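**Student:** Before I ask anything, here is the structure I am working with.
Laboratory data are not the source of any read-out in this text; all were calculated from the coordinates shown. On a predicted model such as this, the values are computed, not experimentally measured, just so you know. Positions of Cβ are generated from backbone atoms using ideal geometry, with glycine treated the same way; all protein chains shown enter the neighbour counts.
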Amino acid sequence: MLVSAKEMLEKAKAGHYAVGQFNINNLEWTKSILAAAQEMNSPVILGVSEGAGKYMTGFKTVVGMVNGMLEEMKITVPVALQLDHGSYEGCMKCIEAGFSSIMYDGSHSPIDENVANTTELVKICAEKGMSLEAEVGAIGGEEDGVVGKGECADPEECKRIADLGVTMLAAGIGNIHGKYPANWEGLSFETLDAIQKLTGDMPLVLHGGTGIPDDMIKKAISLGVAKINVNTECQIAFAEATRKYIEEGKDLQGKGFDPRKLLAPGAAAIKATVIEKIELFGSKDKA
Ligand code: 13P
């Protein structure tokens, strides 16, 4: 059964480790991430962007697939299914479809509008026993066509949103989605420290987990990050393994064209990536 992300993140914040959120795109992604989490005895969050939801034909399909897998794969570790960077309308759709967690990304709106919409969603999520992530300070890079600049959030605004009663808070600290450019200046630990000082026990969320050096990840966790989102890294691992399979001509040998064979190396690469991240984030055996 899907669970809210609240308990797993409160435990992570108190225990000084982070739970990974890995984005899903299809059956192979979901199966690989769930298998990795189960094998590592780690809680996990499956992230679904609005674009990925659309790709999978809609949020109801996603809920049906994930719930089916939890049962058929006999998954016993805590799993949350979360909308990633949702609009207000997207959040409402996911609540209706049976997600256990949502992220409302009001970071592109004026702070008062962000506060108003987040307040409304706090009420609804509390009634439904769902967790809610809010965002302050746009996270740079491109995600589903939404481009941000990699800002640093204003710690006072973070406190304002945290005090509304959200479960976890994403704040821009110079992180960006996708690959980091060569001239990236790194995470702003000064900003993160200031945010944690004002928001106390609130689990903080680090987006753009792909390509952040291990030592920065560990430092971010020590400063209150309890959830780390990874998406692009699984996509790159999948594409590399699939390219290798095709370049080696394996699809032309025997029944190598069978999708179950063709997609197997990519799926294994996603699983290996997730296992590596779970080790790094410290959530192994924290189920
Ligand atoms: P990356 O694609 O950079 O790993 O970022 C993922 C993310 O933050 C999803 O919200």
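**Student:** What is the distance in Å between the Cα centroid of segment 25-44 and that of segment 211-287?
**Tutor:** 10 Å
**Student:** Which is the longest run of the chain containing none of the GluC sites (Glu not before Pro) found in DSSP loop states (not H, G, I, E, B) with at most 14 other C-beta atoms within 10 Å? All intermediate terms of the calculation are to be shown ahead of the outcome.
**Tutor:** Working: sites that count: GLU185, GLU248.
Of all site-free stretches, the longest is 1-184.
**Student:** Based on the Cβ-Cβ distance from ASP285 to GLU71, what FRET efficiency comes out when R0 is 22 Å, to the nearest 0.05?
**Tutor:** Values: r = 23 Å, r/R0 = 1.06.
Rounded to the nearest 0.05, the efficiency is 0.40.
**Student:** How high is the relative contact order of the chain, in percent, counting Cα pairs under 8 Å that sit 6 or more residues apart?
**Tutor:** This gives 23 percent for the chain.
**Student:** Taking only Cα atoms, what is the 0 to 90° angle, nearest 10, from helix 264-281's long axis to the longest principal axis of the chain?
**Tutor:** Its long axis makes an angle of about 30 degrees.
**Student:** Sticking with this one: Counting only other residues whose beta carbon sits under 13 Å from that of ALA287, what net charge do I get with K and R as +1, D and E as -1?
**Tutor:** On the way: positive: LYS11, LYS284, LYS286; negative: GLU7, GLU39, ASP285.
Summing Lys/Arg as +1 and Asp/Glu as -1 gives 0.
**Student:** Full extension from LYS261 to ARG243: what is 0.36 nm times the residue separation minus their Cα-Cα distance, to one decimal in nm? Provide the component values of the computation, followed by the final result.
**Tutor:** Numbers: separation 18, 0.36 × 18 = 6.48 nm, distance 1.33 nm.
Computed gain between LYS261 and ARG243 is 5.2 nm.
**Student:** Still on this structure, I have one more. Percent of alpha carbon pairs in the chain separated by more than 27 Å? Let's see the in-between values first.
**Tutor:** Working: 14576 of 41041 pairs.
More than 27 Å apart: 36 percent of the Cα pairs in the chain.
**Student:** Pick from GLY129, GLY178, GLY53: which is most flexible by mean-square fluctuation in a GNM of the chain where alpha carbon atoms under 10 Å apart are linked?
**Tutor:** GLY129
**Student:** Does a label point 7 Å from the Cα of TYR55, set along Cα-to-beta-carbon, have any residues of segment 177-192 with amide nitrogen under 14 Å, and which are they?
**Tutor:** Counting only backbone N, you get 178.
**Student:** In addition: Gain in length, GLU96 to TRP184, computed as 0.36 nm per residue apart minus the alpha-carbon separation, to one decimal in nm? It would help to have the intermediate numbers written out before the result.
**Tutor:** On the way: separation 88, 0.36 × 88 = 31.68 nm, distance 3.95 nm.
Taking GLU96 through TRP184 to full extension adds about 27.7 nm, to one decimal.
**Student:** Another question, then. What is the gain in length, in nm to one decimal, between MET216 and ASN41 on full extension, counting 0.36 nm per residue of separation less the C-alpha to C-alpha distance?
**Tutor:** On the way: separation 175, 0.36 × 175 = 63.00 nm, distance 2.44 nm.
Fully extending the segment from MET216 to ASN41 adds 60.6 nm.
**Student:** Taking the Cβ of SER87 as the center, what net charge do the other residues with Cβ under 10 Å away carry, scoring Lys and Arg +1 and Asp and Glu -1? Display every interim value, and only then the final one.
**Tutor:** Values: positive: LYS93; negative: GLU50, GLU89, ASP105.
Summing Lys and Arg as +1 and Asp and Glu as -1 gives -2.
**Student:** Still on this structure: Count the lysine pairs in segment 111-243 whose Cα atoms lie under 23 Å apart, taking only pairs 8 or more positions apart in sequence or on different chains.
**Tutor:** Lysine pairs meeting the criterion: 18.
**Student:** So who's got an amide H within less than 5 Å of the one on GLY20, skipping anything under 5 residues away but keeping other chains? H placed 1.01 Å off N, in plane.
**Tutor:** Answer set, sorted by chain and number: ILE45, ILE228.
**Student:** Mind checking the dipole of the chain: about its Cα centre, +1 per Lys or Arg Cβ, -1 per Asp or Glu Cβ, Debye to the nearest 20?
**Tutor:** Values: 28 positive and 40 negative charges, 196 e Å.
Dipole of the chain, to the nearest 20 debye: 940 debye.
**Student:** Counting only DSSP beta bridges with both residues in the chain, tell me the antiparallel percent, nearest 5.
**Tutor:** Values: 4 of 34 bridges.
The answer is about 10 percent antiparallel.
**Student:** When the helix-only estimate is applied to the chain (DSSP H runs of n ≥ 4, each -39,500 (n - 2.57), divided by the residue count), what is the mean residue ellipticity at 222 nm, nearest 500 deg cm²/dmol?
**Tutor:** Helix contribution divided over all residues of the chain: -14500 deg cm²/dmol.
**Student:** Using a 7 Å offset from the Cα along the Cα-to-Cβ direction at both GLU276 and ASP112, what is the distance between the two label points in nm, to one decimal?
**Tutor:** The two pseudo-label positions are separated by 4.7 nm.
**Student:** With a ≥ b ≥ c taken as the square roots of the eigenvalues of the C-alpha gyration tensor of segment 32-74, please select rounded if a/c is under 1.5 and otherwise prolate if a/b is larger than b/c or oblate if it is not? Each step should come with its number before you reach the end.
**Tutor:** Numbers: a/c = 3.19, a/b = 1.73, b/c = 1.84.
Verdict is oblate for segment 32-74.
**Student:** Within 14 Å, Cβ to Cβ, of LEU169, how many net charges do the neighbouring residues add up to if Lys/Arg are +1 and Asp/Glu are -1?
**Tutor:** Details: positive: LYS6, LYS13, LYS159, ARG160, LYS197, LYS227; negative: GLU10, ASP105, GLU133, GLU135, ASP154, GLU156, GLU157, ASP163, ASP201.
Neighbour charge sum, excluding LEU169 itself: -3.
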